[in-house]
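> Quick one: this structure, given as structure tokens, is what I'll be asking you about.
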Amino acid sequence: MPGTPEAEAVIRVRDLAARFDGRTIFEHVTFDVRRGEVFVILGGSGCGKSTLLKHMIGLYAPAEGSIEILGVRMDGLDGAARVALLRRIGVMWQSGALFGSSTLAENIGVPLEEHTDLPAEARDMVARVKLGLVGLADAAGRLPAEISGGMAKRAGIARAMALDPPILFLDEPSAGLDPITSAGLDALIRQLARDLGTTFVVVTHELQSILAIGDRCIMLDKEAKGMIAEGDPRRLRDESRNPVVRAFFRREVLA
Amino acid sequence: MSATAPDPATLDIRPDGPGRRLAFRGGLDAAAAARLWPEAMRAARGVHPLTLDLGGVTALDTAGAVLLLRLEREAHRAEFQGLAAGPLQALLDRTRAALDRPGPKPQPALPFLGRVGEATLRRARGAAGQVAFLGESLLAGLGALRAPWRLRWPEVLRHLDEAGLRAFGLTTLLGFLIGLILAFQSSIPMKQFGAEIFIPNLVGISLLRELGPLMAAVILAGRTGSAYAAELGTMTVNEEIDALRIMGIDPIAWLVLPRLLAAMLVMPVLALLMNLAGLLGMSVVMGTLGFPLVAVVNQLQAWVHLKDLVGGLAKAAMFGLAIGLVGCRAGLGAGRGPRAVGDAATAAVVGGIVSIVLLDGVSAVLFFRLGW
Ligand SMILES: Nc1ncnc2c1ncn2[C@@H]1O[C@H](COP(=O)(O)OP(=O)(O)O)[C@@H](O)[C@H]1O
Ligand SMILES: [Mg+2]
């Protein structure tokens, strides 16, 4: 069962600190992501959510602490071991990051071409399946510039899923979308988590999304430079005593 | 390209009455599907009845399911045996449903252009006159996706087209005008000595050795260096570079190498074009001064040497490389936020022009030492 304590941890973050040019973004961040759950990283703008995500996927090296994905230490990993691990994660980027001169189907073909020897026909079929999963079957031949923001996010998810990774990272899936499109995306994430058994790590600051999709969450805070809460988002909303957490969930303005 | 499944899939092909039985065992993931694809496809072609025995399959991913469904289509019909109900069966069903859904209206133009592009590419590599057509059809047709250790030729051709062919008009025009102006300006003092016949020497040498490569490089820095920086800068800001890295693709091999090669190949051609157009402009001025074309050509033949031309073109290639490097570097090093792309483009043009002037100085000393 997703989110139950018995499920094993697929990601372990221990005492992680992030610094840029000596400026600490956050420190002492420690949490587990369990198999099959939708894990949400939340917090206000600029508190380091994307930075935490980029540390988790090994794009930035930790200033302190460690990250383990599927039992493998992420930092210092290189060569074939790094590529093998990268195949097992998919990332949807905050800005979409679709390759602008390629169609959606070709975008999904990039990781397939890079990591497998599948013939072009097979790549194309896989791309169609993935686009179908996110409801974009009709848009396979379109360029990223020709689709709406919500479609671009969906295409980003489809590309992240190209290699059937067991873990998907999504950075702000609903940012910049209208509430209805955003709710549709939340429903898609829940459905994929249920149908595919994929573990999701979702960065967001949208309250609606957090409550709709999150099994568990952590909350980062800019002032505290670290985690200020961890647990079931609905329980945090109802029970947390931390004034910042309460303010966030109840949309209050801190005095 | 390591297999992720602990037990890589195997395929066993047996005759089965009039038809065939394909028994898969082990983890049928993307790597395994890719490996078994040609063999399985051959075995299934037109076979009736086809049985796909999946009793030994321990893992299946989308690519594996695609292989099975493609085999079914290849044989027109197939019987799936032995797949236990559960996640594997669910994945197969989901994949089938997604593939059965009517896709987008097929765009016949694209695949066709792609095929034409590929066939032409094979035949016409090196046939520079075809580059424009190739560049455009490849651009439209092929995704231009190649593994990083191999150079992405379609990408190279695209950049050759954009940096080269599309600059031909501008280069010719500027070259012609520069030849015209140089010849006209120098004709005034030369006339005082009655030395107009030496104008071709002056203009020819300065064009071939200096102005041709330099002006072509300025054009390249303005058009192409800035475009490289803007393209790569946009990709950096959009996290596309991060996305490539996370896919295990080296952005240098994927994005920079084709651009560098294109800039280097295109520069000698642009410089040559510049030279020829400049000489033409000079000849026009000479014509108005009463010297026929033959006289100009004779003068050039006697005084301008091949080494002047070749030295200039070699320098041009060097300039191209420098401009490409500076432009790509500026793009990949773009900072964060909306101004980053503009800043990168500016840095590319300024850095490109400064670097070619420096290089020009260095090569002047070098050529002097070498006795060119
Ligand atoms: N590569 C980087 N170099 C320097 N500073 C960075 C970098 N990435 C992020 N930051 C800084 O870290 C802070 C957190 O940024 P980010 O993780 O993008 O926030 P969020 O995603 O929570 O909105 C910001 O102050 C940002 O300027
Ligand atoms: Mg962010």
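> Before rounding to the nearest 500, sum -39500 (n - 2.57) across all DSSP H runs of length at least 4 in chain A and divide by the residue total; then give [θ] at 222 nm in deg cm²/dmol.
Value at 222 nm, helices only, nearest 500: -11000 deg cm²/dmol.
> Okay, moving on. Please arrange B:T288, A:T24 by accessible surface area, largest first, computed with a 1.4 Å probe and ligands excluded.
Result, largest first: B:T288, A:T24.
> Are there any residues in the stretch A:78-93 with a reduction of at least 40 Å² in accessible surface when going from the isolated chain to the assembly of protein chains? Probe 1.4 Å, please list them by number.
A:L86, A:R87, A:W93
> Related question: List the lysines whose Cα sits under 19 Å from the Cα of A:K153, skipping any in the same chain fewer than 8 residues away.
Within reach: A:K49, A:K54, A:K130.
> Calculate the spin-label point distance for B:V362 paired with A:H28, positioning each point 7 Å from the Cα along the beta-carbon direction, and give it in nanometres.
5.2
> Quick check: the distance between the Cα centres of the stretch B:20-54 and the stretch A:169-209, to the nearest angstrom?
37
> Could you compute how much accessible surface B:W254 exposes when probed at 1.4 Å, giving the result in Å² to the nearest 10?
20
> So who's got an amide H within less than 5 Å of the one on A:R34, skipping anything under 5 residues away but keeping other chains? H placed 1.01 Å off N, in plane.
A:V10
> Can you work out the FRET efficiency for the pair A:L59 and A:A224, with r the C-beta to C-beta distance and R0 = 25 Å, to the nearest 0.05?
Efficiency, from the Cβ-Cβ distance: 0.55.
> While we're on this one: Before I look further, what does the stretch B:139-370 give for accessible area per residue, probe 1.4 Å, in whole square angstrom?
Value returned for the stretch B:139-370: 44 Å² of accessible area per residue.
> Something else about it: Would you pull out the residues with amide H under 5 Å of A:V201's amide H, same chain only if 5 or more places away, H placed 1.01 Å from N?
Distant-sequence amide H within range of A:V201: A:F39, A:L168, A:F169, A:L170.
> At a cut-off of 10 Å², which residues of the stretch B:17-52 become less accessible once all protein chains are present than in their chain alone, using a 1.4 Å probe?
In the stretch B:17-52, residues shielded by partner chains: B:A30, B:A31, B:A34, B:W37.
> In whole Hz, what ³J(HN,Hα) sequence does the stretch B:73-81 give by Karplus (6.51, -1.76, 1.60; θ = phi - 60°), x for Gly and Pro?
Each residue of the stretch B:73-81 in turn: 5, 4, 8, 6, 7, 8, 9, 8, 10 Hz.
> A follow-up question, please. Residues of chain A: accessible area per residue at 1.4 Å, in Å²?
39
> Cα centroid distance between the stretch B:284-302 and the stretch B:155-225, in Å?
Each part reduced to its Cα centre gives a spacing of 18 Å.
> Roughly how many Å² of A:E146 are accessible to a 1.4 Å probe, to the nearest 10?
Roll a 1.4 Å probe over it and A:E146 shows about 100 Å².
> Calculate the spin-label point distance for A:D238 paired with A:S66, positioning each point 7 Å from the Cα along the beta-carbon direction, and give it in nanometres.
For the pair A:S66/A:D238, the computed spacing is 3.8 nm.
> Could you report the buried accessible area between B and A, both sides summed, computed with a 1.4 Å probe and given in Å² to the nearest 100?
4000
> Also: Counting only protein heavy atoms and using a 1.4 Å probe, what share of the accessible area of chain A belongs to carbon plus sulfur, as a whole percent?
Ligands and nucleic acids excluded, carbon and sulfur give 48 percent.
> Setting aside same-chain residues fewer than 8 positions from B:K315, which aspartates and glutamates have a Cα under 19 Å from its Cα?
Candidates past the 8-residue exclusion: B:E210, B:D360.
> Further question on the same structure: For A:Q208 paired with B:Q81, estimate the spin-label separation in nm (one decimal), with each label point 7 Å from Cα along the Cα-to-Cβ line.
If labels sit at A:Q208 and B:Q81, their model points lie 5.3 nm apart.
The values are calculated or read from the model by the stated rules, or taken from the named source; none is laboratory data. This is a predicted model, so every value here is computed, not measured. Virtual Cβ from ideal backbone geometry, glycine too; neighbours counted across all protein chains shown. For the accessible areas, the whole protein counts, side chains as well, though only heavy atoms, and no ligand, DNA or RNA atoms are used. Shrake-Rupley method; radii C 1.70, N 1.55, O 1.52, S 1.80 Å.
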